[in-house]
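Reviewing the structure listed below.
What follows is calculated from the coordinates using simple rules that are stated; it is not laboratory data. Everything numeric here is computed off the predicted structure, so don't read it as measured data. Don't worry about glycine lacking a Cβ; one is built from the backbone with ideal geometry, like all the others, and counts go over all protein chains shown.
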Amino acid sequence: MSVKKSATEPNIEEAFKRHSPIAAKVKEEYEKALIDIFADMGPNCLEPFAAILLENENTILNKETLIERVRMRMSQLLPKINENFFVSNDVGKKLITLEVLKEKFEPFKGTNWQVHNLTPEERTRPVRMRLMDSSIRFLQKQINSQEKAIEIAMAKSRENRERIHNIQNERVKLYALMQQQTSYYQDMFPKLMDLSKKMIGAEILD
């Protein structure tokens, strides 16, 4: 029996699709902010470096050329760094998840949970519940392990029962054969005795 979702219950998949543009938007804003940092740089930003270079090496720094090279280099490098950061850390998915969670828990915004008024037992209840859940999972693993051991033992027991049954069948067959041989010997014994007597009598007559 399938359980119908409430009409007011948010659909997580739809929420993810609805908030998916946030990833590209934030990434674009980051790229723009990083580029703007170096776009605003001017030759005066290199004044301290130019002064040190002039003082120590008696060299005049071409600030205009250098700042242009730095700006060009950073404009090429920073988008790659930003792209790697977003991809390697799965930032897009995390941003979408954050927006979905913000939407999901919006009704609880501003709620006073009165944490400071809770008793120690109430405060530690979530931790104890997690520990209990871990204990249940551990016990379940133990039960599963024991069930496997029981299955193996039962399989061996079935094999042993079959082996014992086969041995018993062989014993019954052997016993029947012995009975048959004994009966045959009992039937033949008088005849052999008569034959022996006749042979002895014939020898005496000779």
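Descriptive notes on the structure:
- Span from the segment 88-112 Cα centroid across to the segment 141-161 one, whole angstrom: 48
- Whole-Å semi-axes of segment 161-206's equivalent ellipsoid (Cα gyration tensor): 43, 7, 4
- Descending principal axes extents, segment 128-185, alpha-carbon based, whole Å: 83, 10, 5
- Within segment 34-69: backbone nitrogen closer than 19 Å to the S75 label point (7 Å, Cα to C-beta): 34-46, 63-69
- In loop segments of segment 100-206 as defined by DSSP, the chymotrypsin sites (Phe, Trp or Tyr not before Pro) with at most 13 further C-beta atoms inside 10 Å of their C-beta are F105, W113.
- Since only F38, A176, V26 are under comparison, the one whose Cα sits farthest along the positive direction of the charge dipole of the chain, derived from C-beta charges on Lys, Arg, Asp and Glu, is A176.
- Shown is the FRET efficiency for R137 and E162, computed with R0 = 41 Å from the Cβ-Cβ distance and rounded to the nearest 0.05: 0.65.
- Directionally averaged projected area (convex hull, Cα atoms, segment 12-108), nm²: 9.0
- Over the chain, dividing the summed -39,500 (n - 2.57) contributions of all DSSP H runs of at least 4 residues by the number of residues returns a 222 nm mean residue ellipticity of -28000 deg cm²/dmol.
- Debye intensity ratio in log₁₀ form over the Cα atoms of segment 47-164, taken at each q of 0.12, 0.15 Å⁻¹: -0.87, -0.99
- In whole percents, the pair-distance distribution calculated for the chain from its alpha-carbon pairs, binned every 5 Å from zero, is 1, 5, 5, 5, 5, 6, 6, 6, 5, 5, 5, 5, 5, 4, 3, 3, 3, 2, 2, 2, 2, 2, 2, 2, 2, 1, 1, 1, 1, 1, 0, 0.
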